[in-house]
Amino acid sequence: MKLYDFFKKHWIILTLIIILILSSDLFNIYEPFTHIDTIDKETKMKSFEKLMDSFQEIFPDGNRNAGGPQFFKHIVDLGLSKADFELYNTFYCGVSGSPVSPDRGKVYDYIVVKDMDGKEVRGKYYRCCWHCLCDVMKYTKADKFDITLDGEKITYDVLTIADPCCNESGIPKSVTAYKCKSGKTQNGIYSRSGRLIYALLYTDNKSDSKKINDVVDQCKERMETPPDELQGGMGDIFVKLSLLCEDNVEGFTDTHDSLKNIYGEPLKTCKTGDSPGSWDSEGYCSERGGGCSSNMYGSNP
């Protein structure tokens, strides 16, 4: 009876406490990634360099093209603290596989991505160039990933693609980081829905709508361009990779058969040797290609 009297007397306070707890979970009052912006540049650079010390281990042949899944798996396998796990995943662009050094200044933008149920998920994406933002928003899906860090089970929003190893022969020749076996990527991690994770999405449902709209406006032309006609950014590398195992994608083929030369004949490869040239990522002079700036961590973006 005393317990009943207590609840009866303090029901307003108890109700407010329950509402606060529920709203904190449902409306993301607690922002788990805010600590990243408080870390000084020197500390970030030391962590970045430590991850880059493992570059050859992650990419034995030095080719990091579209290597987001390989970066993500390596970071998961390191067994880091929660804070370091979140920090290390800011050091690469999941689309291009390009390292993203903290000394570059602003290294992220706010984007909106559809999840597995078609709902919008907003957050920060760490990138090398703006083209990658467009490709993330159009060609990938957000999903959930569960991991235990610091002894606590934590759920993150992650960015995913259908596993391209289901069509290993279709993987662009410029992408060599994938270890396929029985239709599955061996050096990758999977989301709840069984999709391949290529990056962490730094979820922030209170993201500035204007900033997101600005990115969407900038990406409008690229996002309206058929996959086979993309130029710049990772071009037909990441996009092609992400669509290999998606069904009935309009404007996409996994070969160059649809392209013709000036004589109306099927396009043939024109690449000669390993030196730079005007060919695309698969050795065809299609004028597709282009990419994020090359650097010491992989020279073929």
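The values are calculated or read from the model by the stated rules, or taken from the named source; none is laboratory data. What you are looking at is a predicted structure, and each value in this text was computed from that prediction instead of being measured. Here the Cβ positions follow ideal geometry from the backbone for every residue, glycine too, while neighbour counts run over all protein chains shown.
Considering only region 196-206, I want to know if a residue exists there that is assigned to a helix (DSSP H, G or I), touching a residue at least 24 places away in the same chain (Cβ under 8 Å) and assigned by TED's automatic domain parsing to the domain that holds Ala162. No, that holds for no residue.
To keep it simple, each residue is scored yes or no on (1) over 13 Å from the mean Cα position of the chain (by Cα); (2) more than 23 Å from Leu244 (Cα to Cα); (3) not assigned by TED's automatic domain parsing to the domain that holds Ile58.
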position	(1), (2), (3)
Tyr126	no, yes, no
Ala142	no, no, no
Thr155	yes, yes, no
Thr160	no, no, no
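Take region 138-177 and flag every residue that is of a type in the set (Ser, Thr, Tyr) and either assigned to a loop (DSSP other than H, G, I, E, B) or farther than 17 Å from Tyr198 by Cα (or both). If the condition is that a residue be of a type in the set (Ser, Thr, Tyr) and either assigned to a loop (DSSP other than H, G, I, E, B) or farther than 17 Å from Tyr198 by Cα (or both), then Thr140, Thr148, Ser169, Ser174, Thr176 are the ones that fit. A count restricted to region 21-68 and to residues that are assigned to a helix (DSSP H, G or I) and either modelled with pLDDT of 95 or more or among the charged types (D, E, K, R) (or both) stands at 19. Do the conditions hold for Lys211, that is, is it closer than 24 Å to Asp115 by Cβ, touching an Asp or Glu at 6+ places or on another chain (Cβ under 9 Å) and among the basic types (Lys, Arg)? Judged against the criteria, Lys211 is a match. Of all the residues in region 102-124, those that are under 16 Å from the mean Cα position of the chain (by Cα) and small (Gly, Ala, Ser) number 1.
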